[in-house]
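Let me begin by presenting the structure, written as structure tokens, before commenting on it.
The values are calculated or read from the model by the stated rules, or taken from the named source; none is laboratory data. In this text, all values refer to a predicted model and were calculated from it rather than measured experimentally. Ideal geometry is used to build each Cβ from the backbone, glycine not excepted, and the neighbour counts take in all protein chains shown.
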Amino acid sequence: MGITLESAMKIGGLKKCRILTGEKGLSKTIDNVTITEVPDITRWLKGKELLLTSFFAKNEPSDQKQFIQQLSAINTSALAIKPYHYLGEIPDFILEEAEKYSLPIIEIPEDVSYLDILSPVMSAIFNNKALLQDDMEQANKILREVSINGGRVNDFIEALEFLTRSIVTIESWLPFINLPNPSFEIAPISEEMIREMELIKHPIRLKRKRNGEEIPCIVAPILLDGVMYGYITSWGYKVENLQLYLSILEQASVFLSLEFLRLKVKHDVEQQYKDDFIQELLFNRSMNFQDLIGKGKKYQFDNEKMYTCILFVTGQKEHRNRNVDTTTITRVDYIIRQQWSDAIVGNIRDYICIIFPVGDSTKTVWKDQCNALCNYLDTYVERHFVSYMGVGLIYKGITGLRESFVQAENALKLGRYLVNPKTITFYEDLGVYRLLGALIGSQELTDFFNKTVGKLIEYDKSHHLKLIETLKAYFEYNENLKETSHFLFIHVNTLKYRMRKIASITGYSLNDTDGKMMLYIGLKINELSI
């Protein structure tokens, strides 16, 4: 590693030089110093150089402007110009072009030679590399010792604060990572910045808010399989130690990634045990109930409590067409149990399954709790996280809970089939749909539909009599002709005409009980996306 431009400006002949533009680049690293007085020097440059030139080989303004652009493209650290022999003074267009690309331009006085700059700066770079290597070896040894000895996150923080002489915090959204609470308020990093760090995969410098004040920081991502699960922040740093701190935090992020992976594997195994218990609880009819109750104590399952089964799929799964991952289950489990500590959360048949304890079996309160649960997830996981949710009835004991699961699954499936799908579908509210749901996709259901309401739909396409709308309103208003006609903005006689037309087309009269039943069921079938 080299030295920063800011440090270089305090060495040798550069102490007599001045920066004309690009002062924002003072933190850039210089790995080498090169004298350039030949036309095609850029083809030999590797980046991070301090270039010394008089522009002898670049005497045309267009060439000089292009040269600045080329230096910026190859990540040159700075350009030091000695103007007195050929330029007289450095033209404004060079300074303007350099400012556009944030390339620092340094003016070399007439009495300062190239060697006054090259020799001391190169010596400093060499010495810094040797010191940095020694410091890094020491830092790596300390971090490795912490890792080998089963260091907790607190141990890593303590070691990093010692090594960087700064305040260090570690943040993560994985609930099974036990993180200390900092003594100050931190503004979280944006989703955009998280995505950027996942691409860069190395520590970066940025400003973060601490107690409302912006502080220059170094932030290192903690990655597992290329996905960022947390980050280390060193709050405030000395520019002269920048390269050392970047290297230390990069090394620390590797060790912490291994620690996060160890904790994640442990948690995933525990989650698998919980999924297996839920599987046995709901489906294993050969297992003794007492054995199930014994296994359930670990998850606070009580066979004497009232439970309902809740199943849902996420918008994430709907759009990505993949199974629910363990990280999603972990987040849901953590968030739900902050509010409902006795709930048991797992992954069953690609659904997120919640064995939900119902303290008050009053139906209104119970439904309010389920709606609150859905809103809670959408608030604390992500917006529109819950795509569809099905809720079974409330039961006590294992047998009842198994029945509630079947009901929740039916409610979830039927809720998605409805013409106006609902986010939450309660099995209790399905009514006649409970019977129709078992027939979805069958020829019998299609034939029944075609012989009843299907005929009205075909007729409406060419005659525009709104017979389906009329039939719906007739049942919604409990067969009251006056209220139905008022809702449809038609005369009662017009309504009677339409009712006769419905009977003529379908063969089922609304004046006959059996006819009403056939048409009503046909309407309900129409409300399913068959």
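A few remarks follow.
- For Ser72, the conditions (1) under 23 Å from Gln243 (Cβ atoms); (2) out of contact with any Ser or Thr (no Cβ under 7 Å at 6 or more places or on another chain); (3) touching a residue at least 40 places away in the same chain (Cβ under 8 Å); (4) of a type outside the set (Phe, Trp, Tyr) all hold with the exception of (3).
- Among the residues of the range 281-296, those that are surrounded by 12 or more Cβ atoms within 10 Å (Cβ to Cβ) and assigned to a loop (DSSP other than H, G, I, E, B) comprise Asn284, Met287.
- Hits in the range 65-76 (condition: under 28 Å from Asp111 (Cβ atoms) and either in contact with a helix residue (DSSP H, G or I) (Cβ under 6 Å, 6 or more places away or on another chain) or of a type in the set (Lys, Arg) (or both)): Ile68
- The one condition from (1) at pLDDT below 85; (2) out of contact with any His (no Cβ under 7 Å at 6 or more places or on another chain); (3) more than 22 Å from Gly397 (Cβ to Cβ) that Lys363 does not meet is (3).
- Taking the range 78-89 as the range and being out of contact with any Phe, Trp or Tyr (no Cβ under 9 Å at 6 or more places or on another chain) and at pLDDT below 90 as the test, the residues that pass are Tyr84, Gly88, Glu89.
- Single condition Phe55 does not satisfy, out of (1) among the hydrophobic types (A, V, I, L, M, F, W, C); (2) at positive phi; (3) surrounded by fewer than 17 Cβ atoms within 10 Å (Cβ to Cβ): (3)
- Selected residue [assigned by TED's automatic domain parsing to the domain that holds Cys374, surrounded by 17 or more Cβ atoms within 10 Å (Cβ to Cβ) and either within 35 Å of the chain's Cα centre (by Cα) or closer than 30 Å to Val358 by Cβ (or both)] from Gly390, Gly397: Gly390
- One residue from Ser257, Ser247 being under 30 Å from Val219 (Cβ atoms), out of contact with any helix residue (DSSP H, G or I) (no Cβ under 6 Å at 6 or more places or on another chain) and surrounded by 13 or more Cβ atoms within 10 Å (Cβ to Cβ): Ser257
- Any hit, the range 491-498, residues being closer than 30 Å to Ala411 by Cβ and out of contact with any Leu (no Cβ under 8 Å at 6 or more places or on another chain): no
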